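Single-structure report; data block below.
The values are calculated or read from the model by the stated rules, or taken from the named source; none is laboratory data. Small disclaimer: the values here were computed from a predicted structure and weren't measured. Neighbour counts run over all protein chains shown; Cβ positions are idealised from the backbone, glycine included. We work out accessible area using only protein heavy atoms, side chains counted, and drop any ligands, DNA or RNA first. Shrake-Rupley method; radii C 1.70, N 1.55, O 1.52, S 1.80 Å.
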Amino acid sequence: MKAAAFDYVRASSVDEICRLLADAGDEERKIIAGGQTLVPLMAMRMARPDMLIDINDVAELAGINDHGDHVSFGAGTRQRAIERSDIVSDRLPLVAKAVRNVGHQQTRNRGTIGGSIVHGDPSAELPMAALALEATMILRAVSGETEMPIDGFFEAAMVTNIEPEQLLTEIRIPVWQDARIGTGFHETSSRQGDFAIVAAAAQVALAEDGKVTRAAISVGGAAPSPVKLHGLEAALIGKSADGFQDIIALVDEEIDAETDVHATAEYRRRVTRKLVSRAIDDAIAEAGK
Amino acid sequence: MKQVEVTLNVNGKDTTLTIPPRMTLVDCLRDELRLTGTHVGCEHGICGACSVFLDDEPIRSCLMFAVQAAGHRITTVEGLLNEDGSLSDLQDSFWECHAMQCGYCTPGMLVASESLLAENPDPSEDDIREAISGNLCRCTGYQQIVEAVQMTAKRRREGAANG
Ligand code: FES
Ligand code: FES
């Protein structure tokens, strides 16, 4: 359980990081921020980079800023900073609820939002919340900056659509301007703080009459990648608190549940339906307050 | 093996070492600095036995390479002792409440609970259980650990009130 040997560089700017990535040649060069996913992978020799580029000293890669229609997160922003942020609790209540379920104090103190997204762990909570709310990711390379929608970024378990020469610098999460918004987040795991077997996130906006006008729903852990439930979101429009149970079964069509050591596919489907339903319940109740 | 020179500040003292970048902070603390109070269990971020303070926040020292800790302040369980080398009030409460059996999880439990008490002088039982949720104990069933943290919190509050 020891990592293989590697070269270590402490980077001081985004340009330096991009140059190091561009000059990799045959080497595998990897970014290390919080290390909470990468270091275990290295200890288990599932990752064996030739070089680690440490981005923890690059101040421009951390920070949370309110831009009105969205909140931007530097990729290196710690989960702990998100948990403690007033901007997040005021503007992105779904993200605030999600981050409380991420790991433990010792891992949130190091783990970053960017690391959590680029690794694409199927049951990680922040990617789910970012996916539900249709975040935009800003990727940098020597050749320039690319904006990429998060929907489509997650390919498979632990596989994401980032090129080896790209650095994720920022995540922009939209802030809904609707008057009545509510959120819900539910998770089941073997022990408090463990990776989710299944987790569900929902955010809704309601009209004056209590009917849903807008919905964002995603699940994690249910399938090899976090999934945004587009079909259910569309079907939820016009429904109210007691009128959505008949459409919950739509969840089954949108997730490709798998069996693993933690749970069977059938268990995952059942728990997903239940947790999605609870998350929507909470979201509608909160928006109605 | 590739080697690099780093200066680490541990429990207030600077030490310069030549180590390979792949050496984790916990291995460096234990094997190079001979600070064996910090324990190492799973080596991949599950058990919490390796918890130490990085600046003022608890982290898992098996999930950080020692080279990354240069420029930061590290505090281990040894650094929690009173200045005269006697047990701190929290360490004392662990002893008094029998909050350990084999002692494997104890350094991590102390770091996790000290961090909680620094932020919250009057934690509820739930707060305590949440704070130590990243630390596994195979022996105690956690109850005495919770009691030891409650005892310390109470004594500190009383101490502050009598002040
Ligand atoms: S040894 Fe670090 S968490 Fe187990
Ligand atoms: S006292 Fe033995 S593991 Fe906690």
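Brief remarks follow.
- Filtered residues of segment B:91-127 (kept if within 12 Å of chain A (Cβ to nearest Cβ) and either more than 16 Å from ligand 1 (Cβ to nearest atom) or in contact with a helix residue (DSSP H, G or I) (Cβ under 7 Å, 6 or more places away or on another chain) (or both)): B:109, B:111, B:112, B:113, B:114, B:115, B:116, B:118, B:119, B:120, B:126, B:127
- Remark: pairs (first residue in segment A:184-213, within 14 Å of chain B (Cβ to nearest Cβ); second residue open to solvent by less than 10 Å² (accessible area, probe 1.4 Å) and assigned to a strand (DSSP E or B); Cβ separation under 7 Å; 6+ apart in sequence or on different chains) = A:187/A:199.
- With respect to being within 16 Å of ligand 1 (Cβ to nearest atom), in a helix (DSSP H, G or I) and outside the structural domain of residue B:12 (by TED's automatic domain parsing), residue B:136 falls outside the description.
Residues are listed down the side, and each one gets a yes or a no for (1) more than 17 Å from residue A:156 (Cβ to Cβ); (2) buried (at least 23 other Cβ atoms within 10 Å of the Cβ); (3) at pLDDT 95 or above:
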position	(1), (2), (3)
A:106	yes, yes, no
A:111	yes, yes, yes
A:128	no, yes, yes
A:132	yes, yes, yes
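- Residue within segment A:188-201 that is surrounded by fewer than 22 Cβ atoms within 10 Å (Cβ to Cβ), touching a Phe, Trp or Tyr at 6+ places or on another chain (Cβ under 9 Å) and either part of a helix (DSSP H, G or I) or not assigned by TED's automatic domain parsing to the domain that holds residue A:276 (or both) present: no
- Filtered by the rule that a residue be away from ligand 1 (no atom under 15 Å from the Cβ) and either touching a Phe, Trp or Tyr at 6+ places or on another chain (Cβ under 8 Å) or closer than 15 Å to residue A:34 by Cα (or both), segment B:71-90 gives B:72, B:73, B:75, B:79, B:87.
- Some residue of segment A:254-261 being part of a strand (DSSP E or B), of a type in the set (Gly, Ala, Ser) and buried (at least 22 other Cβ atoms within 10 Å of the Cβ): no
- Residue match in segment B:35-51 (condition: in a helix (DSSP H, G or I) and more than 17 Å from residue A:104 (Cβ to Cβ)): no
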